[in-house]
Every structure is written in C-alpha cells, then in structure tokens.
Amino acid sequence: MLVRSYDNFSMVGLFNARSLTPNSEPALEAALWSALAGVTSIPAHDLFSTFQ
C-alpha cells in the first residue's frame, strides 16, 4: 500500500504474503497515518549515504 500525504510525505507498507483478514487495508492505512503523526522531527540533511 502506498499513501501520500498532502504535505508530500510518502509511506509504503509491503508484505510478503496475502492477508487472511478481509478488508485489512483500512487498518494498515490507519497504522501508517499514526506512524507519521508520531514523527517529531525530520533531519534537514540527506541521510542516504549513511544507510548504503
């Protein structure tokens, strides 16, 4: 699932299996929005080279 917020944050949830729970997408989307709401600060510099 890919979710993009109005202020250009993109969030992705990937799984390696099909859910056995019908209509589990709303719960996943709610979890992604909750995770974004929990972010208190975002680095101003590029961290890409740190995690190569």
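The values are calculated or read from the model by the stated rules, or taken from the named source; none is laboratory data. Since we're looking at a predicted model, the values are computed, not measured. Glycine also receives a Cβ, built like all others from the backbone with ideal geometry; neighbour counts cover every protein chain displayed. For accessibility, only protein heavy atoms count, side chains too; no ligands or nucleic acids. Shrake-Rupley method; radii C 1.70, N 1.55, O 1.52, S 1.80 Å.
Here are the numbers for the structure shown:
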read-out: Within the accessible area of the chain (1.4 Å probe), percent carbon and sulfur; value: 58
read-out: Listed candidates [x] 6.7; [y] 3.3; [z] 5.1 - label of the one calculated as mean projected area of the Cα convex hull in nm²; value: [z]
read-out: Accessible area of the chain divided out per residue, in Å², using a probe of 1.4 angstrom; value: 93
read-out: Loop-located chymotrypsin sites (Phe, Trp or Tyr not before Pro) in region 1-36, at most 10 other Cβ atoms within 10 Å (DSSP); value: Tyr6, Phe15
read-out: Percentage relative contact order, the chain, counting C-alpha pairs under 8 Å, at least six apart; value: 28
read-out: Solvent-accessible area of Val39 with every protein chain in place, 1.4 Å probe, in Å² to the nearest 10; value: 80
